[in-house]
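Take a look at the structure set out below.
Read the figures in this text as sums done on the coordinates, not as results from a lab. This one's a predicted model, so the numbers in the text were calculated from it and none came from an experiment. Here the Cβ is made from the backbone with ideal geometry for all residues, glycine too, and neighbour counts use every protein chain on show.
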Amino acid sequence: METRSRKAALILQSTVKQLDIFSTVTVTNYKDGKGIICLYEPAAIQKTLNTLSHAKLVKDVHSFHMAVDYLNSTNIVKAHSLFLQSSAQRLGDLEVDIRGISTLQALRLFEGVHFPYLYSFSTRTLPHEGLRGFLDRHTTIIDLMLGPCPQFPCPLESVPPLPHLFSVEGAAKCISPLVSDRTTRIFSQRTSVQDQSHLQLFQDLLVANSFVVNFSLEYHPADTKFLKDLVSAMPAVSALRLIEFPIDGKVPLPRGAYPWGARNWGTQFRALTRMTRFFLKSTDMLIKDPGNEVEERDLIRSWSGDTGEKHELLKEIYLWYGYGPEIAF
């Protein structure tokens, strides 16, 4: 570990634009302006972050990604915070994942930190309660990815819309308050079978006058109305991705009970007149003879229409159907 710590310090003899710190892999290298430091012990992580913070070249870091498994010391939180403050002047891309971090620790991590040029922020582990002030201070964010949140409503409900937000991924209840008229790419996730937060997201998109062109949605297979609501909220979507929400021990619905079994599915599908790409993942078999290209084409034709009402722009359709519960997407 001492060798790795010294090696980490040597990296700073050259300008580093991107710095990645991980605690789950064993390779340490530096190449083409990118530094990768892999440490396992909290003490080594703390020492390395303190070393980086006191080096002048840390101010040249534009991109910082950190994924660590250990956080059992307040000193490590202080070390992380000190590093973030030291690199604040130019940092534009920030990814922070600290498994086991508490809300209080998250608040301390970003206490007094402001990145004037931050355009991308990603986290899968930080509690959203600890992110409210951070997101409120960083209205420059263009690309945002948020991990799961167990709270209803999400603490981010009080955060004003991010005026420059272009792309966002996360649970619908968490990202809904943040969308703006510049939001064009969305991956809306569910938190449970009962979660209907996507309906509020659709409403907020209408209020924000968003022009969404790329949309991904985790849907419940028994919800036969979501496509109608989607068409109203984002009629200009060009790429649509529908992913069935995984339900443990789910018994397949009867044929015709899935959304595309509804009489008006084809009409709503064709209402998305600007759609060029469509992806569907479902446990439904869709057709009687899975893999039969003739049946698949007939199914697609029943959705996209024939001459006179044909979906003119649709060029790509991907159907992943009849998969077992053990297969992950």
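Computed values, structure above
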quantity: Sites Asn214 and Lys78, calculated FRET efficiency, Cβ-Cβ separation with R0 45 Å, nearest 0.05; calculated: 0.70
quantity: Rg to Rh quotient for the stretch 154-264, alpha carbon positions, Kirkwood Rh; calculated: 0.98
quantity: Neighbourhood charge, 15 Å Cβ-Cβ cut-off, centred on Ser180 and excluding it, Lys, Arg +1 and Asp, Glu -1; calculated: -2
